[in-house]
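Written out below as structure tokens is the structure these notes cover.
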Amino acid sequence: MTEASPSNAPHVNPFFTPYDTPHHTIPFNQLTLEDFEEAFIEGMRRDKEQLEKTINNPDKPTFDNTILNKDDDSFYYGLLDRVSNAFFNLLGAETNDEMDALAQKMEPLLTQHSNDMLLNPQLFQRIKAVKRHHRRLTPEEKRMLDNIYDGFRRNGALLDDTGKARLRQLNEEIGLLSLQFSQNLLKERKAYTLHLTDEGDLDGLPDRVREAAAQEARERGLEGWGFTLDTPSMGPLLKYSTRRDLRRQLYMASNTLCTHDNTTNNLDICKRIVNLRREIAQLLGFKTYADYVLKQRMASNKRNVYRLLDELIDSYKPTALKELKEMEKVARKSEGRGFTMEPWDISHYSYKLQMAKYDLDSEMLRPYFELSRVIDGVFGLAQRLYGITFVENTSIPVYHPDVKAYEVFDKDGSYLAVFYADFHPRKGKRGGAWMTSFQGQYINTKGENIRPHVSVVMNLTKPTESKPSLLSLGEVETFLHEFGHSLHGMFANTRFESMSGTNVWWDFVELPSQFMENYSIEKEFLRTFAFHYETGEPLPDELIDRIVRSRNFMVAYNCLRQVSFGLLDMAYYTMKKPFEGNILEFEKKAWEKAMVFKQLPDTCMTTQFSHIMAGGYAAGYYSYKWAEVLEADAFSVFKKHGIFDTNTAQRFRDCILSRGGTEHPMELYKRFRGSEPTIDALLRRNGIRRRKK
């Protein structure tokens, strides 16, 4: 963002006029912090203006004057959505203290504004009237009406005045606490540095890791080497370092985030968030928050969620225990029979085991996964499957120099979307990887198909002074995952923005992303882009064969790790009574049946579990495993017809990627697959035998 304009050059808030940029993309280079606050206030005023026009309309309520109630030019009334998309996306990718303060200031105002809309009795009466008596609707219009009606009911429209007042209080409090949770986590994660000054402390670390650590230290004004809690920095130390004490130090720093006696402690915040969600659900007539959430999920109810999680535990736990024994055997061969493995040893000795079994290490592969080549490979995969092309456009403004902006063109050459890619960790970016949209797809009242602006944000290995960004195979998989989400957004082709792209039920949204991960170990795909960054030599067939053979390495252990997170999530959100216990103790008990390794009393996942505390996955983390069943089943169709088969890809695009939330997701899936999915394809892919009952 820019500084405020000098007084002799009047600054016009860019949000108040149509953007004079390629494809009307956000002019990040013109925005000031004051622009956001001013646009938030004005956007809420315009929404209220539109509300008054709607509820005071003397005409009989109809679908057109109540549901489709915006003027032909929705630019005026779309202000709040535009500024919210821009601001909250930046809050995750490029924040600072001033933006955090503005978020704290705006959060209660925005929550109050949302409540004013959703709890307005006159507006709901009009919606109910339309629900009872409406013109002949298209299937998409019918689903839109049902979604709006259900949305109002699920947000308290049927409550009495006392209930509505209480719901307002609960919503405002949870909004602030969720924001505080995220800000605490970002501050504590970014504040930590493991600072080393003795070169002997680097024993076992590859040269690339040492160079990156030296660069990290210089960027922080330190001598020696620095390791952070960002995955590209922390992961290699835990994996390669022979210094067990340093592995322990970094592991404990990462796994005790926001549990300390300081201003960034999240323990009480988590407890309060869980209780607020339970109270909201019960106020709305549900026994638990999980019951409330699962009403609009493919799983339907908590019984089906637990059935999936229990089936995965039953199928994978015997193999996970074998994997752990193999790892312990390797460790004791190296350290002695009396060696007791601890959690900070898992990454190190799983690496040793992988080397022993497959002679395969991510450092062997990194030279073949130079970022620009990976980009070419991922874009090339999309072109081969769907015929789309990506062209970088440096005229499109970006919010940070790391970000690249691309125009995306369909197979007929027509403009399809804008795609932003933000690759590397930095001070103002939260951890992890995600896809988001700055503008969703929809068809306006003039019949124009407004195309989406989507973004993927990741924390991939940074370049150093001597080497470009060289990725691990896991990072290539992460890129493919988020790119799958972006295809879901870019291919959107629905009438209403609220149902386009990734606006689908949470346990369906991970299908397109996890589906794309399959390509990361496909020989035909790797041969299209994996070339040594210095010599240009292709990734040797022998290494590709080792990658393929090792695809299920530690698959059961990693599956149970995901299942454990799903169990923890469900444990919090199936509670019927207020949670008053000790979070650390509760956590250990909640996921105990999925555990195959001992737990440490001081570590805590809950206080950094953004997905279920500050994100959209509360009572929904099981979605990753649910979607894994779907994507394994879907990819089996591609394996049958060819992984680059364009006819199968077109069906996947037409039946799933372009349809968003316009139909029940199971209907969309069956239209592509021809039947409902089963767990069998996942078990076969992972080499797991279904246990007989």
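The values are calculated or read from the model by the stated rules, or taken from the named source; none is laboratory data. Everything numeric in this text was worked out from a predicted model, so none of it was measured. Counting neighbours? That spans all protein chains shown, and the Cβs are built from the backbone with ideal geometry, glycine included. Protein only, heavy atoms only, side chains kept; ligands, DNA and RNA dropped before computing areas. Shrake-Rupley method; radii C 1.70, N 1.55, O 1.52, S 1.80 Å.
Numbers for the structure displayed
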read-out	value
P(r) weight above 26 Å for the stretch 237-360, C-alpha pairs, percent	53 percent
C-alpha center-to-center spacing [the stretch 639-693, the stretch 199-257] in angstrom	41 Å
Estimated vicinal HN-Hα couplings, Hz - the stretch 164-179 in sequence order (Karplus 6.51, -1.76, 1.60; Gly, Pro = x)	5, 5, 5, 4, 4, 4, 5, 5, 5, 5, 5, x, 5, 5, 5, 5
Karplus-derived HN-Hα couplings along the stretch 379-392 (A = 6.51, B = -1.76, C = 1.60, θ = phi - 60°), whole Hz, x at Gly and Pro	5, x, 5, 5, 5, 5, 7, 10, x, 8, 10, 10, 10, 5
Residue-normalised accessible area of the stretch 543-685, expressed per residue, 1.4 Å probe, Å²	38 Å²
Whole-percent carbon and sulfur share, accessible surface of the chain, 1.4 Å	48 percent
Accessible area per residue in Å² at 1.4 Å probe, computed on the stretch 97-256	46 Å²
Gap separating the Cα centres of the stretch 171-195 and the stretch 76-150, nearest whole Å	25 Å
Separation in nanometres of the label points that stand 7 Å from Cα toward Cβ, at residue 65 and residue 173	4.2 nm
Over the stretch 70-159: Rg over Rh, Cα atoms, Kirkwood Rh	1.07
Ellipsoid semi-axes in whole angstrom, largest first, where each is sqrt(5λ) of the Cα gyration tensor of the stretch 571-693	36, 19, 13
Within straight-line cross-link reach of residue 131, lysines at Cα separation under 21 Å, skipping those fewer than 8 residues along the same chain	53, 60, 70, 142, 295
D_trans [Stokes-Einstein, Kirkwood Rh over alpha-carbon pairs] for the stretch 197-246, 10 °C, 1.306 mPa s, µm² s⁻¹	148 µm²/s
Fully extended contour minus Cα-Cα distance, from residue 579 to residue 146, at 0.36 nm per residue	152.5 nm
Angle in degrees between helix 623-641 and the longest Cα principal axis of the chain, rounded to the nearest 10	80 degrees
Segment residue 667-residue 598, extension gain: residue separation times 0.36 nm, minus the distance between their alpha carbons	20.6 nm
Per-bin percent of Cα-Cα distances, the stretch 224-268 [5 Å]	5, 20, 26, 21, 13, 10, 4, 1
Cα-projected label distance for residue 49 with residue 248, points at 7 Å along beta-carbon direction, nm	6.5 nm
Burial ranking of peptide ranges 539-551, 167-179 (average Cβ count within 10 Å, highest at the top)	167-179, 539-551
Relative packing of 92-99, 34-41, 602-609, which averages over residues the other C-beta atoms within 10 Å, highest first	602-609, 34-41, 92-99
Size of charge dipole - the chain - debye, nearest 20, with Cβ of Lys, Arg +1 and Asp, Glu -1, no other charges	3400 debye
The chain: relative contact order in percent, alpha carbon pairs under 8 Å with at least 6 residues between	15 percent
Burial ranking of peptide ranges 407-417, 493-503, 373-383 (average Cβ count within 10 Å, highest at the top)	493-503, 373-383, 407-417
Heavy-atom surface of the stretch 365-424, accessible at 1.4 Å and reported per residue (Å²)	36 Å²
In sequence order, calculated HN-Hα J values of the stretch 201-210 (Karplus, 6.51, -1.76, 1.60; Hz; x Gly/Pro)	5, 9, 4, x, 7, x, 4, 4, 5, 4
Relative contact order of the stretch 519-634, defined on C-alpha pairs under 8 angstrom at six or more residues apart (%)	24 percent
Amide H partners (placed H, <5 Å) of residue 450, local residues excluded	442, 443, 444
Residues with amide H under 5 Å from that of residue 417, placed H, sequence gap 5 or more	408
Listed residues 642, 615, 520: farthest to the positive end of the dipole of the stretch 500-656 (Cβ charges)	615
Cα-based equivalent ellipsoid of the stretch 289-348: semi-axis lengths in Å, sorted from largest, via gyration tensor	39, 13, 7
Relative compactness, the stretch 366-423, computed as alpha-carbon Rg over 2.2 N^0.38 Å	1.19
For the stretch 521-593 versus the stretch 349-424, the gap between their alpha-carbon centres in whole angstrom	20 Å
Under 22 Å from residue 429, Cα to Cα: lysines that are on another chain or at least 8 residues apart	105, 187, 190, 404, 462
Taking N as its residue count, the alpha carbon Rg of the chain over 2.2 N^0.38 Å	0.97
Three-way shape call for the stretch 558-628 based on the alpha-carbon gyration tensor, with the a/c threshold at 1.5	oblate
Rounded if a/c under 1.5, otherwise prolate or oblate - the stretch 85-227, Cα gyration tensor axes	prolate
The chain, helix-only ellipticity at 222 nm - DSSP H runs n ≥ 4, -39,500 (n - 2.57), divided by all residues, nearest 500	-16500 deg cm²/dmol
Stretch gain in nm, segment residue 640-residue 24, where the contour uses 0.36 nm per residue and the Cα spacing is subtracted	217.6 nm
Anchor residue 329: lysines whose Cα lies under 30 Å away (excluding residues fewer than 8 positions away in-chain)	239, 317, 352, 357, 588, 589, 593, 598, 625, 692
Approximate spin-label separation residue 75-residue 223, in nm, with each point projected 7 Å along Cα-to-Cβ	5.9 nm
Dipole magnitude of the stretch 595-654, debye to nearest 20 (Cβ charges: Lys/Arg +1, Asp/Glu -1, about Cα centre)	120 debye
Dipole magnitude of the stretch 446-566 about its Cα centre (Cβ charges: Lys, Arg +1; Asp, Glu -1), debye to nearest 20	240 debye
Label-zone membership for the stretch 360-402, site residue 523, 7 angstrom Cα→C-beta point, backbone N under 18 Å	360
